[in-house]
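Down below is the structure, laid out as structure tokens.
The values are calculated or read from the model by the stated rules, or taken from the named source; none is laboratory data. Computed from a predicted structure; not experimentally measured. Using ideal geometry, Cβ is built from the backbone for each residue, glycine included, and neighbour counts are taken over all protein chains shown. Areas reflect the complete protein model, heavy atoms only, side chains present, ligands, DNA and RNA absent. Shrake-Rupley method; radii C 1.70, N 1.55, O 1.52, S 1.80 Å.
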Amino acid sequence: MTRLTEQISNPYKPPPPGSDDPHFGVDLADFSQPERIARSGMAVQAVLSGRVAGVIVNRFPYGNALIVETPLSDLDEQVLARLNLPEAPEDVVQPLALTCPPYPLPEDWQSRPRSLYLLYAHLQDVPAVTPGGMVECGQVIGAVGDSGNALAPHLHLEARIGPADVNFPSMAHYDPSATNEEMAAYCLWRVSGLFQSMDAMCLLDKCSSAP
Ligand SMILES: [Zn+2]
């Protein structure tokens, strides 16, 4: 656990609402010692059990990535207290300076319970899991890589609270090959305000930012 905080190559720095500036996640790298060169190949294990809400196949910027949804009702009280959950939003936020097709919003999002979504990005390979299937806490879901927008191998771990049962079949942006559906899904995830970003390190009781 102490070592984990030494592995942070880029901490959590959330931008203002509607903005897509970095950095929404926490970057963890497997550094060689003493050279501190980031290596690929280290196994990535799921932090929590949950449902596969998205498998992203080598798209910019997340590369090979996996989104796992865990209902807040599955988390124990201590974890919930550490997360210091934000109030549920009343409406979506319009994007600032980002091209966004209309958000693919589930109509009943306001009445849905909330879930924690964890995104594991820049994996070496496409995660060998099925959309809609289950992932167990501790299950190896892939290996640290540098797919997508990664200058060096690292795991980008991004945590968001949002309405339950939303799927992200793919997402992409900042790339001419991104389809409207992929951009809309990216915008819903990143800037709509419906998927509220939080510091993933708080899950492990190691919040990177001051509370
Ligand atoms: Zn990152």
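Of everything in the range 2-44 that is among the charged types (D, E, K, R) and not in a loop (DSSP other than H, G, I, E, B), the residue that is surrounded by the fewest Cβ atoms within 10 Å (Cβ to Cβ) is Arg3.
The set of residues in the range 1-37 that are more than 12 Å from the ligand (Cβ to nearest atom) and aliphatic (A, V, I, L, M) comprises Met1, Leu4, Ile37. Could you go through the range 181-191 and let me know if any residue there is open to solvent by 10 Å² or more (accessible area, probe 1.4 Å) and part of a loop (DSSP other than H, G, I, E, B). No, that holds for no residue. Among residues of the range 157-186 that are over 14 Å from Ala121 (Cβ atoms), those with a Cβ under 7 angstrom from a residue that is charged (D, E, K, R) and modelled with pLDDT of 95 or more, sequence gap 6+ or separate chain, pair up as Ile161/Arg114; Gly162/Arg114; Pro163/Arg112; Pro163/Arg114; Ala164/Arg112; Ala164/Arg114; Asp165/Arg112; Glu182/Arg59. Scoring Thr99 on the criteria (1) modelled with pLDDT of 95 or more; (2) farther than 16 Å from Gly193 by Cβ leaves a single failure, condition (1). For the subset of the range 127-164 comprising residues that are within 16 Å of the ligand (Cβ to nearest atom), in a loop (DSSP other than H, G, I, E, B) and not small (Gly, Ala, Ser), which member is least open to solvent (accessible area, probe 1.4 Å)? By that ranking, first place goes to Pro153. All of (1) away from the ligand (no atom under 15 Å from the Cβ); (2) open to solvent by less than 20 Å² (accessible area, probe 1.4 Å) hold for Ile56 with one exception: (1).
Filtering the range 70-86 to residues that are within 19 Å of the chain's Cα centre (by Cα) and outside any strand (DSSP E or B) leaves Leu72, Asp74, Leu75, Val79, Leu80, Arg82, Leu83, Asn84, Leu85, Pro86. In the range 93-126, of all residues being out of contact with any Lys or Arg (no Cβ under 9 Å at 6 or more places or on another chain) and within 16 Å of the ligand (Cβ to nearest atom), the one that is most open to solvent (accessible area, probe 1.4 Å) corresponds to Gln124.
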